[in-house]
Amino acid sequence: MCGIVGCILNKEVAPTIIESIKKLEYRGYDSVGIATLTDKVNIKKGSGKIKEVDEKIHLTQVDGNIGIAHVRWATHGNPTKENAHPHNSCDNKISVVHNGIIENYKELREQLESEGHEFKSETDTEVIPHLIEKYMNEGNNLLHATQKTIEKLVGSYALAAICIDEPDKIIGARKESPLIVGVSPNGNFLASDVPAILNETREVIYLEDNEIIQLEKDKVTVMNNQLEPLEKEIVTIDWNPEMAEKGGYPHFMLKEINEEPQVIKDTLSESSKIKEIVSKFKNFNRICFVACGTSYHASLIGEYLIETQLHIPTEVILASEFEYFQNTLDDHTLVIFITQSGETADTLKALKTAKKISETLAIVNVVGSSITREADHVIYTRAGPEIGVAATKTYLSQLICIYLLVAHLGENDELIDKLFKIADLAEESIQREENIKKIAKKYKKSKDFFYIGRGFNYPTALEGALKLKEITYIHAEGYPAGELKHGPLALIDDGIPVVGILPPGPSYPKTYNNLQEIRARGAHMIILGSEDDKQIDDVEDKLVFNSEIDEIIAPLIYIIDLQLLSYHISVEKDIDPDKPKNLAKSVTVV
Ligand code: F6R
């Protein structure tokens, strides 16, 4: 999983390319590199985040009006300088950046080595410049050599190649990894994702699998894999560059949390479109959600809602486990795929299987992403670009879509009215931030956390724990409130922080009792509950919410405070919450 950029301009290209690749750092930050063309291929690359590498080797100080760049999330080979992209051919005339995995690279490498090619890295990618070199040596131009190369590749790729013998073009290709083209009067761009080109242009062409592109300064030619030209639509993107910037906040994550009240309104404005989509569903008697990570937690809330409100049998399958459950799908199952990026490889793979048997719906944030092009129906979550690795506003927007879906399926106007009231209640969460900061300071040194909830709020406990783990590196577990006494209660010791999610509603009495059992064993309680709840008056650390937020609506509001709690603990621990170690925003490997 990586990010790539390529561009041709009528001026020095390096400063523009490095600005662009910075916008893709959410896709990986193990290493970075750039290659430009003059009378030779000029390469600068190193391991680490872009800022660190730039400080050491000044990435923008390379000449040339044409270039490619890469940020890496290591899959094959350690995150070293040698394994950083771009990778070159033996004669150093050809340079390539690649996102994806070449599954048959070992065989290709052995073959190329037996023909005399010398490899300098451990990466799967390096077979690509050597194959292009081989085909160019046989008399093909860069375009034809790239086409012949991708015929040999098994796996996924979005790639860009340049060559000093043809210094006026970049050749790109995609299969199962995202690639877009940005078109502008000053030159043209290739990139893994839209934020990379927003400073330069909003005119975008989305490439499909098996398409090849030839990029020149004044011309963009998209072709199929037989090199026949294709007519492609140019889409105007309505995100502006500022939307992809930090907007004055110290981190993207905090900015994105603060955008949540607006995101709720934006996503609610999709209500009539969702109603229309619901009217097109065929008959179904069962629903399956498929998702990963945070999107999986959103799906779990969907399961509780559908089972309780619509009485339709529903299950939630982790996309990476989907193959073990696919055999029971039929043409009366509606399969719903939830994904922020629309590129998660496990989810995409499951969708490709499910669509052969069942009707499919995708709930996705990134317009034009791979999953939106595979599903029968698509609902866009409209959260705007999310750069922080931890999903925050996109989770909330997924939930709003799920709630709207359930409300329209059940013709439940009362639920729709409740939803339209919540944006103001979300504003109040942001106002509790000072209290959240105090709690964060108090517990920043804790080694373990528990998050406890029941019913609709059990997935909130899971999501609260996931947010804490990923950006603070503190061990955390989410549990259904009634489940602790079956084992985990043994872990409760003096001073261990336990976050109890205790909104008003039918589940309240049981959850309250479970929390008392935990408290009696010496845990430090952090309770999220109603401002009218007298029973929590004696709890020192609490976050209290408007009492209109009942247990059905609570997942949409309480989570904001849990996101803020994780954010502030992360900052207290001097961790960069936008770029937690070992993780990347878009997981395009299975
Ligand atoms: C956690 C997080 C991940 C993603 C997961 C699925 O904060 O963001 O757990 O939710 O990688 O990603 P998408 O939703 O893009 O399919």
Practice item. Using the 2.2 N^0.38 Å rule of thumb for compact globular proteins, work out how segment 274-328 stacks up: its C-alpha Rg over that value, please. Key: 1.20
Exercise for review: Can you tell me the dipole magnitude for segment 543-587 around its Cα centre, using point charges on the Cβ only (Lys, Arg +1; Asp, Glu -1), in Debye to the nearest 20?
Suggested key: 360
Review point. From the phi of every residue in segment 298-312, what ³J(HN,Hα) in whole Hz does the Karplus formula 6.51 cos²θ - 1.76 cosθ + 1.60 yield, where θ is phi - 60° and glycine or proline is x?
Key: 4, 5, 4, 5, x, 4, 4, 5, 5, 5, 7, 8, 10, 6, 9
Point to revise | Residues D537, D493, D578 arranged by fewest to most Cβ contacts within 10 Å | key: D537, D493, D578
Check your understanding: Which of the peptides 566-572, 311-317, 64-70 is most tightly packed, and how do the rest follow, going by the mean number of other Cβ atoms within 10 Å of each residue?
Key -> 64-70, 566-572, 311-317
Check your understanding: Where does segment 393-432 land on the Kirkwood hydrodynamic radius, alpha-carbon pairs, in angstrom?
Key -> 10.9
Practice item. Could you estimate the translational diffusion coefficient of segment 249-420 from the Stokes-Einstein equation, with Rh from the Kirkwood formula over C-alpha pairs, at 10 °C and 1.306 mPa s, in whole µm²/s? Key: 100
Review point. What order do you get for 290-296, 433-439, 397-403, 378-384 when each peptide is scored by the mean count of other beta carbon atoms within 10 Å, highest first?
Key: 397-403, 290-296, 378-384, 433-439
**Study point:** Amide H contacts under 5 Å for H524, placed H, 5+ residues apart
**Key:** G495, I496, V498
Point to revise | Neighbour-count order for R174, R432, fewest beta carbons within 10 angstrom listed first | key: R432, R174
Check your understanding: Per residue and in Å³, how big is the convex hull formed by the alpha-carbon atoms of the chain?
Key -> 152
Review point. What ranking do L300, L583, L227 get, fewest neighbouring Cβ atoms within 10 angstrom at the top?
Key: L227, L583, L300
**Study point:** More than 20 Å apart - percent of Cα-Cα pairs taken over segment 197-304
**Key:** 69
Study note, to complete from the structure: Computed over all unlike Cα pairs, the Kirkwood hydrodynamic radius of segment 1-107 in Å stands at 13.6
Check your understanding: Once amide H atoms are placed 1.01 Å from N in the peptide plane, what residues at a sequence separation of 5 or more from A74, or on another chain, have their amide H within under 5 Å of its amide H?
Key -> D30
Exercise for review: Pairs of Cα atoms under 8 Å, at least six residues apart: use those to get the relative contact order of segment 1-110, whole percent.
Suggested key: 33
Practice item. Report the far tail of the P(r) of segment 3-245, meaning the percent of Cα-Cα pairs longer than 22 Å. Key: 47
Exercise for review: Considering the options V590, S566, H524, tell which one lies farthest towards the positive end of the dipole of segment 432-590, charges being +1 on Lys and Arg and -1 on Asp and Glu at the Cβ, about the Cα centre.
Suggested key: V590
Study note, to complete from the structure: Taking only the alpha-carbon atoms of segment 432-590, the convex hull volume per residue, in cubic angstrom, is 123
Practice item. Could you give the size of the charge dipole of the chain about its Cα centre, using +1 on the Cβ of each K and R and -1 on the Cβ of each D and E, expressed in debye and rounded to the nearest 20? Key: 780
Practice item. Give me the net charge of D54's neighbourhood, meaning all other residues with Cβ under 10 Å from the Cβ of D54; Lys, Arg count +1, Asp, Glu -1. Key: +3
Review point. What number comes out for the charge environment of V13, summing +1 per Lys or Arg and -1 per Asp or Glu over other residues with Cβ under 12 Å away?
Key: -2
Review point. Going by average Cβ neighbours within 10 Å, how do the peptides 160-166, 415-421, 303-309 rank, with the highest at the top?
Key: 160-166, 303-309, 415-421
Exercise for review: Take the alpha carbon atoms of segment 422-494, find their center, do the same for segment 534-579, and report the distance between the two centers in whole angstrom.
Suggested key: 8
Review point. Under a Cβ-Cβ cut-off of 15 Å, what is the net charge of the residues other than P261 that fall near it, where Lys and Arg count +1 and Asp and Glu count -1?
Key: -3
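Just so you know, all these numbers are worked out from the coordinates, no wet-lab data involved. Owing to the predicted nature of the structure, the values given are computational and were not obtained by experimental measurement. For neighbour counting, all protein chains shown are included, and Cβ atoms are generated from backbone atoms with ideal geometry for every residue, glycine included.
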